[in-house]
Amino acid sequence: MRLEGNRIVLMELTDGDTADIVRWRNQEFVRRRFLYQEPFTSEGHRSWIKNMIETGKAVQFIIREKETDAKIGSVYLRDIDRRNLKAEFGIFIGEEDKLGCGYGREAAELITDYGFSVLGLNKIFLRVLAENERARKSYQRAGFTEEGLFKQDCVLNGKKQDLVFMAKFAGEKRAE
């Protein structure tokens, strides 16, 4: 499957992408922005593919830069709840020089459109560390709105962290 945007293409994840996913997720600039910060392994990623992707509980795509066809990151919908028509959004840009280029916003728009139109979801939500202002602004530009602040909701590296919950709904227009 292929989802095409203006500057990126989303390609369905394959086992052949495992080395890139592991490399990206273990980089400090990526890892420190995730709630799950343990070292990422090939075995763990293959387990994710088997237990989540192959069972339909998640969909995941590799983000490719259109101009160069270079792989630059990944975007996914996880814990797809077909009864309640919702799923959790996740993304990471794994190439540091591609941060701040608008690729994350475009990938978010493509996968949420896919979630609404193809999967029939009504709500796509995310959790983000409150201190991650850059990501929050990108998500807002992609049409997510803040639903709530959960104070001291997780502990990372011994530090209590606040989480912001954001969501995007089918049929809602994005504020420009």
Within region 120-129, is even one residue closer than 25 Å to LYS66 by Cα and within 17 Å of the chain's Cα centre (by Cα)? no
Kindly list the number of the only condition in (1) among the hydrophobic types (A, V, I, L, M, F, W, C); (2) closer than 23 Å to LEU77 by Cβ; (3) in a strand (DSSP E or B) that fails for ALA135. (3)
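Residue-wise test of (1) at negative phi; (2) not polar (S, T, N, Q).
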{"site": "GLU67", "(1), (2)": "yes, yes"}
{"site": "ASP79", "(1), (2)": "no, yes"}
{"site": "ARG83", "(1), (2)": "yes, yes"}
{"site": "ASP97", "(1), (2)": "yes, yes"}
{"site": "ILE111", "(1), (2)": "yes, yes"}
{"site": "ASN122", "(1), (2)": "yes, no"}
{"site": "ARG134", "(1), (2)": "yes, yes"}
The number of residues in region 124-171 that are touching a strand residue (DSSP E or B) at 6+ places or on another chain (Cβ under 7 Å), touching a residue at least 40 places away in the same chain (Cβ under 8 Å) and farther than 24 Å from LEU85 by Cα is 3
On the basis of being touching a helix residue (DSSP H, G or I) at 6+ places or on another chain (Cβ under 9 Å), closer than 30 Å to LYS159 by Cβ, buried (at least 16 other Cβ atoms within 10 Å of the Cβ) and of a type in the set (S, T, N, Q), does SER74 make the cut? yes
Here is a check on your reading of the model: is PHE61 out of contact with any Leu (no Cβ under 9 Å at 6 or more places or on another chain) and either of a type in the set (Val, Ile, Thr) or within 23 Å of ILE80 (Cβ to Cβ) (or both)? no
Extreme residue, surrounded by the most Cβ atoms within 10 Å (Cβ to Cβ), among residues of region 34-71 that are touching a residue at least 24 places away in the same chain (Cβ under 8 Å) and out of contact with any strand residue (DSSP E or B) (no Cβ under 9 Å at 6 or more places or on another chain): HIS45
Any chance region 75-86 includes a residue that's under 23 Å from PHE29 (Cβ atoms) and of a type outside the set (A, V, I, L, M, F, W, C)? yes
Scanning for something small (Gly, Ala, Ser), within 20 Å of ASP113 (Cβ to Cβ) and modelled with pLDDT of 90 or more, does region 140-150 turn up at least one residue? yes
Where the second residue is of a type in the set (Val, Ile, Thr) and the first is over 12 Å from ILE62 (Cα atoms) and lies in region 16-33, which pairs have Cβ atoms under 8 Å and are six or more apart or on separate chains? VAL22/THR41; VAL30/ILE93
Among GLU106, GLU131, which is charged (D, E, K, R) and surrounded by 18 or more Cβ atoms within 10 Å (Cβ to Cβ)? GLU106
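The values are calculated or read from the model by the stated rules, or taken from the named source; none is laboratory data. In this text the structure is predicted, and so the values were computed from the model without any measurement. All Cβ positions, even for glycine, are placed from backbone atoms using ideal geometry, and neighbour counts span all protein chains on display.
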